[in-house]
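Everything on this sheet refers to the single structure shown next.
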Amino acid sequence: MKLATLRAGGRDGTLVVVDRALRTCAPVPHIAPTLQRALDDWSTVEPLLRAAANELERGKLPDTRPFDPHQCAAPLPRAYQWVDGSAYVNHVELVRKARGAELPESFWTDPLVYQGGSDDLLGPTDDAPFVSEEHGIDLEAEVAVITDDVPLGTTAAEAASHVKLLVLVNDWSLRNLIPSELAKGFGFYQSKPATAFSPVAVTPDELGEHWRDGKVHLPLLSHVNGELLGRPDAGTDMTFSFFDLIAHVTKTRRLGAGTILGSGTVSNYDRSRGSSCLAERRMLETLEHGAPRTGFLGFGDRVRIEMLDPRGESIFGAIDQRVVRAT
């Protein structure tokens, strides 16, 4: 099942079911007006949404209309919680090298997470506004899960039942602000502007055999100005699965329905598959040439992030954004 949120209908938008080919959609206000309302009562609402999605596939759902990603907000335009992990430790190792920081051994056994801003989430084709190019504007292509209510102390073995939807993420970063901010010892804030999400959220079964062991085993494609930046496999080299991340973040607190939990920047040891952020490419260039050759993003640049199935069909739709000066 595929779901999206159209901008119409207030700050939290209007929930629609979307066909598998991403060609048509239909509102379902009689089932749930918003995605958050659906997640609040998922066990009751999910079978009704599936029935509507099946009717849409058969062309029998009322108020069916063309699906246009430009009309989409983020699947959750504002969320109760956005937590981002860093499950690809080889990526962390490279990025820390770039700022001269060592990688503690504990990073291989104890996941990293930070709590991001969830009150302002960007839609898939929204312009991405930034104050200054001097801040070091960078994309970070990721996968994320959306949960129902997750109890305190949930184990990795119990976590699978709480993953209700998956989305793609661009966790925008301001690289030149990160070192001084982290040096304060209190985490990210200014260096993490509004995050963008794919137009469509999908249930795990939509991924078939490619969703297993709490990982998505498909390439994640990132393009900058039409040029391929990378296509690393999201399941390969993922040190901590989504189940591990859920167990980590529920060690001392519960998760509310609608929590978004990100994987961190997707990265492979096979460097021929490219990168999912510019910081990683710059570090690899430094290791090879003694200095980076790729700049960070500037105003007018475009970023596209997408995941295709083995037939070449888009699963989540694309995040396709332009970098602009904030006004």
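Approximating the spin labels as points 7 Å out from Cα along Cα→Cβ, the His30-to-Asn225 distance works out to 5.1 nm. Write down the Kirkwood hydrodynamic radius of segment 104-182, to one decimal in angstroms, obtained as one divided by the mean of 1/r over all alpha carbon pairs. It works out to 15.8 Å. Ligands, DNA and RNA excluded, the heavy atoms of Arg50 present near 70 Å² of accessible surface to a 1.4 Å solvent probe. Residues of segment 183-216 with an amide N closer than 20 Å to a point placed 7 Å from the Cα of Val324 along the Cα-to-Cβ direction: 193-199. Across segment 18-97, how large is the tail of the calculated P(r) beyond 17 Å, expressed as a percent of all Cα pairs? Here the long-distance tail beyond 17 Å is 60 percent of all Cα pairs in segment 18-97. This model, with +1 at the C-beta of Lys and Arg and -1 at the C-beta of Asp and Glu, gives the chain a dipole about its Cα centre of some 380 debye. Derived value for the chain: Kirkwood hydrodynamic radius 19.9 Å. Basis is the mean of 1/r over every pair of different alpha-carbon atoms. Can you tell me how segment 168-327 classifies by the Cα gyration tensor, rounded, prolate or oblate, using a/c under 1.5 as the rounded cut? It is rounded, given that a/c, with a ≥ b ≥ c, falls under 1.5.
Among the protein heavy atoms, those of Arg281 account for about 60 Å² of accessible surface (1.4 Å probe, every chain in place).
The stretch between Thr286 and Glu102 holds 64.6 nm of extra length on full extension. This uses 0.36 nm per residue minus the Cα-Cα distance. For Met238, the accessible surface of its heavy atoms amounts to roughly 10 Å² (probe 1.4 Å, protein chains only, rounded to the nearest 10). With 25 Å as the limit on Cα-Cα distance, the pairs of Lys164/Lys215; Lys97/Lys192; Lys2/Lys215; Lys164/Lys184; Lys215/Lys251; Lys184/Lys215 that go past it are Lys164/Lys184; Lys184/Lys215. Over all other residues within a Cβ to Cβ distance under 13 Å of Val169, the charged ones net out to -4, with Lys and Arg as +1 and Asp and Glu as -1. Per-residue ellipticity at 222 nm from helix content only, as computed over the chain with -39500 (n - 2.57) for each DSSP H run of at least four residues, stands at -5000 deg cm²/dmol. Counting 0.36 nm for each residue step from Leu48 to Asp120 and taking away their Cα separation leaves a gain of 23.0 nm. Report note on the peptides 306-318, 82-94: ranked by the mean count of other C-beta atoms within 10 Å, highest first, their order is 82-94, 306-318.
Shown for the chain are the DSSP H helices of 18 Å or more along their axis, judged by Cα atoms, with a mean Kyte-Doolittle hydropathy of at least -0.5: 42-57. Rounded, prolate or oblate for segment 242-323? Axes are the square roots of the Cα gyration tensor eigenvalues, ordered a ≥ b ≥ c, and the cut-off for rounded is a/c under 1.5. Note, shape of segment 242-323 comes out prolate. The fraction of Cα-Cα pairs per 5 angstrom bin, counted from 0 for segment 153-252, comes to 2, 10, 14, 18, 20, 18, 11, 5, 1 percent, rounded to whole percents. For segment 16-152, report the translational diffusion coefficient in µm²/s to the nearest whole number, using Stokes-Einstein at 4 °C, 1.567 mPa s, and a Kirkwood Rh over Cα pairs. Approximately 70 µm²/s, per Stokes-Einstein.
Dimensions of segment 252-300 along the principal axes, based on C-alpha atoms and rounded to the nearest Å, stand at 47, 31, 20, largest first.
The values are calculated or read from the model by the stated rules, or taken from the named source; none is laboratory data. All values derive from a computational prediction rather than experimental measurement. Cβ coordinates were reconstructed from backbone atoms using ideal geometry, including for glycine residues, and neighbour counts include every protein chain displayed. Just the protein is used for accessible areas: all its heavy atoms, side chains included, with ligands, DNA and RNA removed. Shrake-Rupley method; radii C 1.70, N 1.55, O 1.52, S 1.80 Å.
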